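Below is one structure, written out as structure tokens, with a few remarks after it.
The values are calculated or read from the model by the stated rules, or taken from the named source; none is laboratory data. Not measured: the values here are computed from a predicted model. For neighbour counting, all protein chains shown are included, and Cβ atoms are generated from backbone atoms with ideal geometry for every residue, glycine included. The area values use the complete protein model at the heavy-atom level, side chains included, leaving out ligands, DNA and RNA. Shrake-Rupley method; radii C 1.70, N 1.55, O 1.52, S 1.80 Å.
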Amino acid sequence: MKQDLEAFHARLAAHDDQAINPSRNPSLEQLIDSGRRNLLKGSLTLAALGFMGGGLAACRGSLAASPLLGFQGVAVQQAEDFDQVLVPEGYRARPFFSWGDAVLPDAPAWRPDARDDWQAQLGQAGDNHDGMHFFPFPEAPDSHGLLVINHEYVNPTLHPNGMTLSDGRRPLEEVKKEQAAHGASVIEVRKDADGQWQRVMPSRYNRRISGFTPMRISGPLAGHEAMKTVADPSGREVLGTFNNCSSGFTPWGTYLICEENWHNYFVNHDQADFARRVSHKRYGLANEGMSKLYGWETADARFDATPDASQPHGGYVNEPHRFGWVVELDPFDPDSQPVKRTAFGRYCRECSVLSQGEDGRMAFYSGDDTKGEYIYKFVPSGRFDAANPRASRDLLDEGTLYVARFGAEGRGRWLPLVHGQGGLTAENGFASQAEVLLNARAAADLLGATPMDRPEWVAVHPTTREVYVTLTNNDGRGTRQPANEANRRPANLHGHIIRWNEEGADPTATEFSWEFFLLAGEPEGAKTATGEAVPANLIGTINGDLFSSPDGLAFDGAGRLWIETDYEDRDPAMQAMGCNQLLCADPQSREVRRFLVGPRGCEITGITWSPDYRALWINIQHPSLSYPASDGSTRPRSTTVLITKDDGGVIGT
Ligand code: FEO
Ligand code: CA
Ligand code: CA
């Protein structure tokens with residue numbers, strides 16, 4: 001079981017992380033002035049990074065304890081068999097919602113041998129819990145709410161014998177169970193008489209969104225030729241959502257499911273067609289053998305995107321166009337149909353994170369998590385009116401999509417992806433705004449956006465609106481995309497965090513000032529397990545506890561920055577880091593303290609609080625040991641974990 005999971009995740013990492021971007025957008029050499037260039041010739045020294053990063057080196061020395069970080073940090077956990085969730089003294093963590101737990105009233109109890117069929121899975125929690133958000137009921141916000149949790153993808157542990165092939169095909173029953181285990185769960189939660197958070201069962205709000213859930217397509221691509229398939233000649237309704245990674249929420253109480261590595265589910269076998277079809281090739285679809293991870297197309301024709309001239313709309317050649325969007329879900333209306341909002345543009349979207357100005361104008365920030373891809377923001381044309389929240393129903397259908405260009409001297413610019421501007425014209429392959437959005441990556445290439453080291457989550461400071469983004473890592477930037485101003489380390493295995501301020505703290509501004517918040521990695525002078533010096537590209541600037549590959553990122557109400565990690569914890573380069581972690585940082589002093597360590601093999605992801613910040617939920621995704629059972633034999637299960645303080649206090653204080 002353990003080997004299965006490890007092999008699967010190695011395969012998954014190899015596919016998710018492939019660089020696809022063919023552009024040669026500005027490199028460091030082109031951006032920096034000649035005086036600074038001399039500093040960077042040869043290897044990138046820490047001194048150079050500190051100088052360029054606006055005083056990072058200077059602040060590493062300040063060790064005064066941050067008033068924001070009130071807990072005793074926990075130690076790195078390096079044991080191969082570490083199978084717990086470790087939290088600071090005075091805190092407790094308890095498994096709250098695991099893969100297979102009943103969501104719908106008629107769902108059967110989870111079978112530890114994984115023999116639940118696909119219909120059972122449709123009523124149970126999906127796999128690989130990821131982004132999530134707590135929506136309070138207004139009449140009791142701190143004790144009653146809906147928790148919405150993404151189910152990103154599936155593990156081989158979903159089936160009794162892993163993912164199988166029979167005569168070169170995936171069994172349809174397995175494929176359907178995998179499709180049923182994707183999507184999201186809505187679960188009602190409430191404090192009991194003892195003040196303990198519990199799930200409410202049954203609940204009229206409980207809901208499973210899956211790969212089968214009909215969704216409306218709205219915005220500029222609704223009904224467009226490029227969205228029509230043999231099964232949906234209207235181009236207005238699609239079944240399901242896949243690879244639901246991180247998420248977002250709106251001020252009017254809806255949840256935003258983000259579709260990340262959806263390209264892994266499709267294949268186009270027509271080599272000539274693939275070579276010229278930007279909407280497939282620029283997004284890294286498979287074009288030979290099976291689709292990259294699951295082989296669903298061998299059992300379900302919807303995932304074979306090879307053009308078929310004998311069928312209306314070419315069969316399913318357009319099906320991959322119907323993924324890569326933001327899905328808006330109203331958790332309070334269990335009968336509502338989720339809506340795919342195409343004005344947000346199509347890419348491998350990690351998240352969609354709100355920043356709201358005084359006047360109700362908004363921006364939603366997103367990373368495109370692939371090596372060398374971009375950071376975007378979507379600015380709706382309208383404003384949020386708190387006095388009339390229902391008027392916000394279709395606010396996400398009109399607006400401007402921008403992509404970030406990080407320039408020299410800590411300045412940056414948002415470049416609009418608007419048809420007719422900046423070369424986004426028919427002559428350059430963009431016949432309309434719909435096509436700009438459909439091929440947002442190619443449009444961003446043309447505008448000269450800055451290729452990043454795999455942008456993951458974005459977080460916005462609750463009072464200053466300063467924006468932070470995790471660049472998780474990039475070991476394969478290669479020669480086509482050399483280091484640039486905002487991504488400076490060669491073989492950047494540990495990743496970094498950048499932050500910026502929009503001009504005038506206005507979410508809709510088109511210019512910003514940016515700097516490095518930290519480079520993850522080991523401290524200066526660190527030695528490997530065999531006593532050699534750790535190479536320069538693996539040395540970081542962390543003021544505090546060690547970590548690699550920042551991924552999940554969120555602010556609490558007091559302005560503590562919570563950082564979740566996702567690295568291969570058995571990779572020798574991660575030896576010093578131990579198992580994956582949740583850390584807490586003070587944005588002013590930049591002090592970082594480790595709050596939690598998860599079981600071996602897991603990624604820590606998803607983070608949300610009750611409005612009083614006294615309950616914290618995080619996700620343990622794909623643990624490789626038998627978490628949460630910790631009995632050495634039960635199948636490991638992705639699990640939402642509830643963290644509370646023994647004295648009932650605010651988490652982190
Ligand atoms: Fe699904 Fe980028 O993590
Ligand atoms: Ca992630
Ligand atoms: Ca990640």
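Taking into account only those residues within the range 108-123 that are open to solvent by less than 20 Å² (accessible area, probe 1.4 Å) and touching a residue at least 40 places away in the same chain (Cβ under 8 Å), which is nearest to ligand 1 (Cβ to nearest atom)?
Gln121
Tally up the residues in the range 425-456 that are touching a Phe, Trp or Tyr at 6+ places or on another chain (Cβ under 7 Å), over 19 Å from Arg277 (Cβ atoms) and hydrophobic (A, V, I, L, M, F, W, C), please.
Final tally of qualifying residues: 2.
Inspect all residues belonging to the range 353-367 and state whether any of them is aliphatic (A, V, I, L, M) and open to solvent by 60 Å² or more (accessible area, probe 1.4 Å).
No, the conditions are met nowhere in the range 353-367.
Mind checking whether some residue in the range 508-516 is open to solvent by 30 Å² or more (accessible area, probe 1.4 Å), polar (S, T, N, Q) and either within 16 Å of ligand 3 (Cβ to nearest atom) or assigned to a strand (DSSP E or B) (or both)?
Yes, the range 508-516 contains a residue that is open to solvent by 30 Å² or more (accessible area, probe 1.4 Å), polar (S, T, N, Q) and either within 16 Å of ligand 3 (Cβ to nearest atom) or assigned to a strand (DSSP E or B) (or both).
On the given criteria, is Trp617 more than 16 Å from ligand 2 (Cβ to nearest atom) and closer than 23 Å to Val469 by Cα?
Judged against the criteria, Trp617 is a match.
For the range 347-369, name all the residues that are assigned to a loop (DSSP other than H, G, I, E, B) and either within 20 Å of Arg405 (Cβ to Cβ) or within 16 Å of ligand 1 (Cβ to nearest atom) (or both).
Correct list: Tyr347, Cys348, Glu350, Cys351, Ser352, Asp369.
Could you identify the single residue in Ser548, Ser589 that is more than 16 Å from ligand 2 (Cβ to nearest atom) and in contact (Cβ under 8 Å) with a residue 40 or more places away in the chain?
Checking each option against the conditions leaves just Ser589.
Looking at the range 452-479 only, could you name the residues that are farther than 11 Å from Ile498 by Cα, away from ligand 1 (no atom under 16 Å from the Cβ) and in a loop (DSSP other than H, G, I, E, B)?
The answer is His461, Pro462, Thr463, Thr464, Arg465, Arg477, Gly478, Thr479.
Taking interchain pairs and intrachain pairs at least six residues apart, which have beta carbon atoms under 9 angstrom, with the first residue in the range 352-370 and modelled with pLDDT under 95 and the second within 16 Å of ligand 3 (Cβ to nearest atom)?
Final answer for the pair search is none.
Can you pull out every residue in the range 504-539 that is under 23 Å from the mean Cα position of the chain (by Cα) and more than 30 Å from Met362 (Cα to Cα)?
Ala520, Gly521
To keep it simple, each residue is scored yes or no on (1) in contact with a Ser or Thr (Cβ under 6 Å, 6 or more places away or on another chain); (2) within 16 Å of ligand 2 (Cβ to nearest atom); (3) open to solvent by 30 Å² or more (accessible area, probe 1.4 Å).
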| residue | (1), (2), (3) |
| --- | --- |
| Trp414 | yes, no, no |
| Ala426 | no, no, yes |
| Gly429 | no, no, yes |
| Glu435 | no, no, yes |
| Ala443 | no, no, no |
| Met452 | no, yes, no |
| Glu456 | yes, yes, no |
| Val460 | yes, no, no |
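Kindly provide the set of residues from the range 133-154 that are exposed (fewer than 14 other Cβ atoms within 10 Å of the Cβ) and hydrophobic (A, V, I, L, M, F, W, C), ordered by number.
Ala140
Looking at Gly235, Gly219, Gly248, Gly253 in this structure, which one is within 16 Å of ligand 2 (Cβ to nearest atom) and among the small types (Gly, Ala, Ser)?
Gly248
Given Pro233, Pro251, which one is more than 14 Å from Glu328 (Cβ to Cβ), open to solvent by 10 Å² or more (accessible area, probe 1.4 Å) and either touching a residue at least 24 places away in the same chain (Cβ under 8 Å) or within 16 Å of ligand 1 (Cβ to nearest atom) (or both)?
Pro233
So which pairs qualify, if the first residue must be in the range 126-150 and under 20 Å from Val641 (Cβ atoms), the second must be of a type in the set (A, V, I, L, M) and within 16 Å of ligand 3 (Cβ to nearest atom), the Cβ gap must be under 7 Å, and the two must be at least 6 apart or on different chains?
So the pair list comes out as Leu147/Met132; Val148/Met132; Ile149/Met132; Asn150/Met132.
Have a look at Gln337, Gln421 and point out the one that is open to solvent by 40 Å² or more (accessible area, probe 1.4 Å), of a type in the set (S, T, N, Q), more than 29 Å from Leu239 (Cα to Cα) and away from ligand 3 (no atom under 16 Å from the Cβ).
None of the other options fit; the residue is Gln421.
For the range 517-538, what are the residues that are in contact (Cβ under 8 Å) with a residue 60 or more places away in the chain and either within 26 Å of Gly407 (Cβ to Cβ) or open to solvent by less than 20 Å² (accessible area, probe 1.4 Å) (or both)?
Phe517, Leu518, Leu519, Ala536, Asn537 - these are the residues of the range 517-538 that are in contact (Cβ under 8 Å) with a residue 60 or more places away in the chain and either within 26 Å of Gly407 (Cβ to Cβ) or open to solvent by less than 20 Å² (accessible area, probe 1.4 Å) (or both).
Hey, can you tell me all the residues within the range 82-107 that are closer than 25 Å to Arg190 by Cβ, surrounded by 14 or more Cβ atoms within 10 Å (Cβ to Cβ) and not aliphatic (A, V, I, L, M)?
Residues satisfying the conditions are Tyr91, Pro95, Phe96, Phe97, Ser98, Trp99, Gly100, Asp101.
With buried (at least 21 other Cβ atoms within 10 Å of the Cβ) and among the charged types (D, E, K, R) as the only criterion, which of Asp167, Asp192, Asp130 stands out?
Unique residue meeting the criteria: Asp130.
Would you say Met227 is open to solvent by less than 10 Å² (accessible area, probe 1.4 Å), more than 18 Å from the chain's Cα centre (by Cα) and closer than 23 Å to Leu354 by Cβ?
No.
Does Tyr402 count as touching a Leu at 6+ places or on another chain (Cβ under 9 Å) and open to solvent by 10 Å² or more (accessible area, probe 1.4 Å)?
In short, yes.
Every residue in the range 270-284 that is buried (at least 19 other Cβ atoms within 10 Å of the Cβ) and either part of a helix (DSSP H, G or I) or more than 29 Å from the chain's Cα centre (by Cα) (or both), please.
Phe274, Ser279, His280, listed by residue number.
Given (1) within 16 Å of ligand 3 (Cβ to nearest atom); (2) acidic (Asp, Glu); (3) free of Cβ contacts under 8 Å to residues at least 24 places away in the same chain, identify the lone condition not met by Asp631.
(1)
Does Arg594 qualify as being part of a strand (DSSP E or B) and of a type in the set (Lys, Arg)?
Yes: the conditions hold for Arg594.
Could you please let me know if Pro160 is open to solvent by 10 Å² or more (accessible area, probe 1.4 Å), under 21 Å from Leu625 (Cα atoms) and either within 16 Å of ligand 1 (Cβ to nearest atom) or out of contact with any strand residue (DSSP E or B) (no Cβ under 6 Å at 6 or more places or on another chain) (or both)?
So Pro160 fits the description; yes.
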